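What follows is a single structure, written as structure tokens, with notes after it.
The values are calculated or read from the model by the stated rules, or taken from the named source; none is laboratory data. This one's a predicted model, so the numbers in the text were calculated from it and none came from an experiment. Positions of Cβ are generated from backbone atoms using ideal geometry, with glycine treated the same way; all protein chains shown enter the neighbour counts.
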Amino acid sequence: MTWGRIDLDATLPGEHPARAIWAVVDRLDLSALYAQIEARDEVAGAPSIDPKILLALWVYATSDGEGSGREIARLTRLHAAYRWICGGVDVGYHTLTDFRSQEGDVLNALITQVLALLMKQDLVDLSRVAQDGTRVRASAGAASFRSEQTLQALMVEARAHLERVTQEAADPAITARRAAARKRGAKDRLARLEAALEQIPAVIETKKRSGAKDTTPRASSTDADARVMKMGDGGFRPAFNLQFATTTDAARVIVGVVVTNRGSDQGESTPMLEQIEKRTGVRPDEILLDGGYNQHKAIDEATEKGVTVYAPLPKPRKVDAAKTAPRDATPDPSALGTAPLPAPLALDPHLPRATDSEAVAAWRQRMGTEEAREIYKQRGATAETVNADAKTHRGLDHLLVRGLPKVLGAASLFVLTYDILRLITLGG
């Protein structure tokens, strides 16, 4: 090992993906980030790391499947691409994790900028989009879900612990740094328990609405926003529901992202359509949804906006043939007790029901056509691949942050990275 000068630019090939990502980041308007570090009242603050470096680091790391701030900080000292992005600037993991946690709104706004670059060059067609949700494991354990009574008892213990830690801070045997850390940890524990208690009414309402057998409301003392959901493998774990909307054209870019803590996808198409129109200024003509979205109210709302819904019909419900016989039909007394009971009949799912609105009746009939079935095949080829990319290649198989706002920030970071990579691939 020897000391010496290193030409960082020479260590990275000219066609390396890090250079392409940096070029796209350099085209974005980052004024919202720079406004946070400007000097105030003619008094300069401490030197700050250029936000462009932090953003480029996170985008490149996400494209590389890395989501740990500690690991990214380590790579900035060892990996040529990360060192090239830093350009000799020392970046700590606290700075990186704080950036991801605190800049969720900015990351979400940058998605709109990337979409604008794609639309300006006519690289994306928004006429047809596909929406799908995926449950992502929360940063909370199943054992962290406690009843209201248990949370109240833990609150008493947490307050007593905070008081004790505050008194021990005056002990000269304890350093000021250690005392501050212990007090900060005690306050954080108390805040998480308070947040969990605040979620109890919402949990009660959800259980009533869903008709759950276990009516005991429980909230997580680790991540109050997390909910136990049924996962893709059939198991139940704490998770969040991440919703993505993707164009079905060759560009296949993500145009919408929503994060909820509801295990159901019912009704999620309405806020997604509103977001797409707000973000791009374009309302899709068609939206492809899976069976979990076919809520009649959502179909009515989409139709009112002029959006055609393609979603599979529910499985046909079987009815008793005897109950469907004409009212004036008189049974033959001699046949009673001898003839076999009529077999249940399956209702044709494509036939309108008496309670259907015009939009729902049209949806039933539409999904019975060959054209609709061919169009619907595009959903799996787009929405499903986005979920697979997020979990398999971008480190979104589990969450490292807690709370709905931070989870939305992590999801927005993935979408921003995904769309930047699509922009590079499409030559924009």
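Can you tell me which residue within the range 52-93, out of those that are within 24 Å of E38 (Cα to Cα) and in a loop (DSSP other than H, G, I, E, B), is modelled with the lowest pLDDT?
Let us first name the residues in the range 52-93 that are within 24 Å of E38 (Cα to Cα), namely 52-59, 85-93.
Within this subset, residues satisfying the condition of being in a loop (DSSP other than H, G, I, E, B) are 87-92.
Numbers: G87: 91, G88: 88, V89: 91, D90: 93, V91: 93, G92: 92.
Of everything passing the filter in the range 52-93, G88 is modelled with the lowest pLDDT.
Taken as a whole, the structure places E198 among residues that are surrounded by fewer than 14 Cβ atoms within 10 Å (Cβ to Cβ) and touching a strand residue (DSSP E or B) at 6+ places or on another chain (Cβ under 9 Å). Of all residues in the range 96-131, those satisfying the criterion of being out of contact with any Lys or Arg (no Cβ under 9 Å at 6 or more places or on another chain), of a type outside the set (K, R) and not in a helix (DSSP H, G or I) are E103, Q121, D122, D125, S127, V129. Here the condition is being acidic (D, E) and without any contact (Cβ under 8 Å) to a residue 60 or more places away in the chain; of E71, E103, it holds for E71 alone. If only residues of the range 143-164 that are under 16 Å from Q199 (Cβ atoms) and within 27 Å of the chain's Cα centre (by Cα) are counted, the one that is surrounded by the fewest Cβ atoms within 10 Å (Cβ to Cβ) is S147.
Let me confirm something: among A245, A250, A219, which residue is touching a helix residue (DSSP H, G or I) at 6+ places or on another chain (Cβ under 6 Å) and more than 17 Å from T134 (Cβ to Cβ)? Going through A245, A250, A219 in turn, the sole match is A219.
Only one entry in L345, L341 is touching a helix residue (DSSP H, G or I) at 6+ places or on another chain (Cβ under 9 Å), at pLDDT below 85 and surrounded by fewer than 13 Cβ atoms within 10 Å (Cβ to Cβ), namely L341.
Can you tell me which of E384, E371 is free of Cβ contacts under 8 Å to residues at least 60 places away in the same chain and assigned to a helix (DSSP H, G or I)? I'd like the intermediate steps shown before the answer.
Values: E384 fails: free of Cβ contacts under 8 Å to residues at least 60 places away in the same chain.
None of the others qualify; the one that does is E371.
In the set (1) part of a helix (DSSP H, G or I); (2) out of contact with any Pro (no Cβ under 8 Å at 6 or more places or on another chain); (3) under 22 Å from Y34 (Cβ atoms), I49 fails one condition alone, (1). Contact map, the range 279-298: residues that are closer than 15 Å to A245 by Cβ paired with residues that are part of a helix (DSSP H, G or I) and among the basic types (K, R), Cβ distance under 8 Å, separation 6+ or inter-chain. Pairs shown: L288/R379; L289/R379; D290/R379. Counting only residues that are at pLDDT 90 or above, farther than 19 Å from R135 by Cβ, within 29 Å of the chain's Cα centre (by Cα) and loosely packed, with under 15 Cβ neighbours inside 10 Å, the range 348-398 holds 3 of them.
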